[in-house]
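Presented below is the structure to which this report refers.
The values are calculated or read from the model by the stated rules, or taken from the named source; none is laboratory data. Keep in mind it's a predicted model, so treat the numbers as computed, not measured. Cβ: placed from backbone, ideal geometry, glycine included. Neighbour counts: every protein chain shown.
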Amino acid sequence: MTGIAAAPARTASAPRGGAHGGGHGGAGALARWARARLPVEWAVLAVAAVAWAAMVVPQVAGATGGWLAPGGHAHGGGADGSGVTDGSGAPGVGATDASGVAVLGAATPAVGAALAMWALMAVAMMLPTALPAVRYVALMSRPAMRWRLAAAFVLAYLAVWMVVGLVVVGLAVVGAGPVLTTTAVGGGALAPITLIVGIVVASAWELTRWKQRALAQCCRTVPIRLRGWPATASALGFGARNAGWCVVACGPAMAVLMAAGHPLVATVVVGALLASEKLVRRGAAIRPWAAATGLALAALTLV
């Protein structure tokens, strides 16, 4: 098993200086990086960009309540006279009746919306962090199978994240009501007390040895077969393995963002930090900053 950065000699490298170097500044480095991308990498980035747009545009269009306010998508239908609400007057994930008891059936329509939002978050925030692995699969594949194997990797990667999403949303439904007690914070927003605890736990996770190990494992590769079904199976297996370690590294932060209603600025900041940890050289050194940012967000919910 090798690291992604230590791919075999036949992998392509970014163009060097000279007539195509574009200088040694940031703009030149960015230009060299862009020229070195494979078409399959641009496809992954394009899909992630669409997912970001699907998350950001609705929030910007209907932004109210400040930068920590939950996102603008609907988790459920309007009031229906049943007395079943999510604590804000409308049915939602983990809806409760007037006595505070969780009503699973009432949350069914909202579960689909929550899973759709989780899928958008996984594609927008996590898929770009797997770009080195996608590149590795493409470069280790025969040209005729490059897109097929890259697609297999991406599908397996996202499938693992969706399984995690089912667990997160399921826990939100089952554990809502008496557990997710809310308290008023600045601007009239509502923040679950358990959410604040979750932010602190996710921040502390950034400093653990398990998080450090998971980041290291995200940079490991496995052999990619060259022909037929074994090639597809190896790409699928690599995608599942990479996603599994990515869940260990980034899952706590993603779950907290989902529980918070994916507030816009917090989502952008956390997404940038998680991507930097996995993509920037010596990204593990960013972990203390990510932990500090999480604690700051927890403090701001009490202001």
Across the stretch 271-283, which residue is surrounded by the fewest Cβ atoms within 10 Å (Cβ to Cβ) among those that are touching a residue at least 24 places away in the same chain (Cβ under 8 Å) and not charged (D, E, K, R)?
-> LEU279
For residues that are touching a helix residue (DSSP H, G or I) at 6+ places or on another chain (Cβ under 6 Å) and among the charged types (D, E, K, R), scanning just the stretch 109-153, find the one that is nearest to LEU273 (Cα to Cα).
-> ARG135
Residues of the stretch 128-144 satisfying the condition of being surrounded by fewer than 22 Cβ atoms within 10 Å (Cβ to Cβ) and touching a residue at least 60 places away in the same chain (Cβ under 8 Å) | LEU131, PRO132, ARG135, LEU139, ARG142
Considering the stretch 198-240, residues that are among the aromatic types (Phe, Trp, Tyr) and crowded, with 18+ Cβ neighbours inside 10 Å, and then whichever is modelled with the lowest pLDDT, we arrive at TRP205
Pick from the stretch 284-298, criterion among the small types (Gly, Ala, Ser) and farther than 17 Å from GLY198 by Cβ, ranking: surrounded by the fewest Cβ atoms within 10 Å (Cβ to Cβ) | ALA285
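Report yes if some residue within the stretch 139-162 is farther than 18 Å from THR232 by Cα and within 19 Å of the chain's Cα centre (by Cα); otherwise report no. Even if it seems obvious, please write down each step before you answer.
Of the residues in the stretch 139-162, the ones farther than 18 Å from THR232 by Cα are 161-162.
Then drop every residue that is not within 19 Å of the chain's Cα centre (by Cα), which leaves 161-162.
Taking every residue of the stretch 139-162 in turn, at least one turns out to be farther than 18 Å from THR232 by Cα and within 19 Å of the chain's Cα centre (by Cα).
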So, of the residues in the stretch 116-138 that are more than 23 Å from ALA53 (Cα to Cα) and of a type in the set (Gly, Ala, Ser), which turns out to be farthest from the chain's Cα centre (by Cα)?
-> ALA138
Which one of these does LEU207 not meet: (1) part of a helix (DSSP H, G or I); (2) of a type outside the set (Lys, Arg); (3) over 23 Å from MET162 (Cα atoms)?
-> (1)
